[in-house]
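The values are calculated or read from the model by the stated rules, or taken from the named source; none is laboratory data. Predicted model, so just to flag it, every value in this text is computed and none were measured. Cβ placement follows ideal geometry from the backbone for every residue including glycine, while neighbour counts extend to all protein chains displayed.
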Amino acid sequence: MPKLRIVTSQNVTIDYELATVMERILCGAIDTFIQFIYVLIWMSAFSASLSFYNDFSVLVFLIPVMVYSLVFETLFNGRTPAKMILGIKVVRIYGDRAGFSSYFTRWVFRLFDVVITAGGVAITAIFFNKKAQRIGDVIAGTAVVRLKNRPVYNPLL
């Protein structure tokens, strides 16, 4: 399993296991499902109201969907609800704490990495990067890591 070694400013070395591509895809699917549930709830709540379907109200309605990952990663230290469920998070590879600018950079490049290319660019970048980073992660100086190591399978035990 690939690892990420981070040396903090206090000269402490932390070894993390990198999240796999499948974990990241599953995380994206869970977050998308949560966003879909939000859309269904709001559509059912306002479907009787004809004024809901004007341009401004649709924009206000979709803002939470558009900024979902940015808001959750900023408020919960690099974790969305799906990342919390799967036990992964976003960390800075330089040893300092990830902040809003890191999450914002990832969020902006997510549009290209994940949304426009249906994840193709992100998956390709993760496979060919030794730190399993998509383009947004490389530019932001972040990586997605596991918080809990998997137990080692030993057939002799």
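Residue 91 falls short on exactly one of the conditions (1) touching a residue at least 60 places away in the same chain (Cβ under 8 Å); (2) in contact with a Phe, Trp or Tyr (Cβ under 6 Å, 6 or more places away or on another chain), and that condition is (2). Where strands (runs of 3 or more DSSP E) fall wholly inside segment 1-108, the ranges with 3 or more residues that are surrounded by 13 or more Cβ atoms within 10 Å (Cβ to Cβ) and not basic (Lys, Arg) are 88-92.
Among the conditions (1) within 11 Å of the chain's Cα centre (by Cα); (2) at pLDDT below 95, residue 111 misses just one, which is (1).
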